[in-house]
Each structure stands twice: as C-alpha cells, then as structure tokens.
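The values are calculated or read from the model by the stated rules, or taken from the named source; none is laboratory data. All of these numbers come straight from a predicted model, not from anything done at the bench. Note that we place each Cβ from the backbone using ideal geometry, even for glycine, and neighbour counts take in every protein chain shown. With ligands, DNA and RNA removed, areas are computed over all heavy atoms of the protein, side chains included. Shrake-Rupley method; radii C 1.70, N 1.55, O 1.52, S 1.80 Å.
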Amino acid sequence: MTTTIRLSSAMVQDAQLFGKIYHRSAPKQIEFWSRIGKIAEENPDMSYDDIRSILFALEEEKRGDVEEFKFSS
C-alpha cells in the first residue's frame, strides 16, 4: 500500500544525502530509518549497531549466505 505523507524539507534533503551514500532512493532511506526506529522503540536495550547487525544477518540468511557454527569441545 502506498500512502502520501508530508515531510519537512530538511528530512527529505537528509534522506537524499544519506540515500546517495548508501545507494538508496530518498523514500527507501526514509523507510530504512523508520524500520530502525520501530525496532529501537520495541527493543530499547539494543544499540544501533546491534540492530544493524541483526538486520544484516537476516539478509545474509535470506540469501543462503550462512554456514553452521561448530562449538569446540
């Protein structure tokens, strides 16, 4: 579902800048920030780096880019 929302010019400009850095469109950058913010609110004890690492690992798993971890005995 697509919805039109009003955002400040500063927010859009920031999204354009960060989007260029991370190869995302401005709307995709805002979606990314929104996703991070939602996860952070739901998990206040997690740092940004923890959240980013988990999201990265989930994407690796989707791609099948994982290997089994073997504990040493």
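Brief remarks on what is shown
- Within straight-line cross-link reach of Lys28, lysines at Cα separation under 28 Å, skipping those fewer than 8 residues along the same chain: Lys20, Lys38, Lys62
- Normalising the average separation of contacting C-alpha pairs (under 8 angstrom, six or more residues apart) by the number of residues puts the relative contact order of the chain at 14 percent.
- The chain, accessible area per residue, ligands and nucleic acids excluded (1.4 Å, Å²): 94
- The accessible-area ordering, largest first, of the residues Lys28, Lys20 stands as Lys20, Lys28, per a 1.4 angstrom probe.
- When the GluC sites (Glu not before Pro) in the range 16-73 are filtered for DSSP coil states and for at most 13 other beta-carbon atoms within 10 Å of their beta-carbon, the remaining sites are Glu67, Glu68.
- For the chain, the longest principal axis of the C-alpha atoms and the axis of helix 26-42 are separated by about 60°.
- Carbon/sulfur fraction of accessible area - the chain, other protein chains in place, 1.4 Å, %: 54
- You can think of it this way: the chain between Ser73 and Arg35 has 9.8 nm of extra reach, that is 0.36 nm per residue less the Cα-Cα gap.
- Taking each DSSP H run with n ≥ 4 as -39500 (n - 2.57) and averaging over every residue of the chain yields -20500 deg cm²/dmol at 222 nm.
- Across all Cα pairs in the chain, the calculated P(r) in 10 Å bins from zero up to the longest distance comes to 16, 35, 34, 10, 4, 1 percent per bin.
- Nonlocal amide H pairs with Arg24, under 5 Å, H built at 1.01 Å: none
- Using θ = phi - 60° and Karplus 6.51 cos²θ - 1.76 cosθ + 1.60, couplings along the range 58-71 (whole Hz; Gly, Pro as x): 4, 5, 4, 5, 4, 7, x, 8, 9, 9, 5, 8, 10, 6
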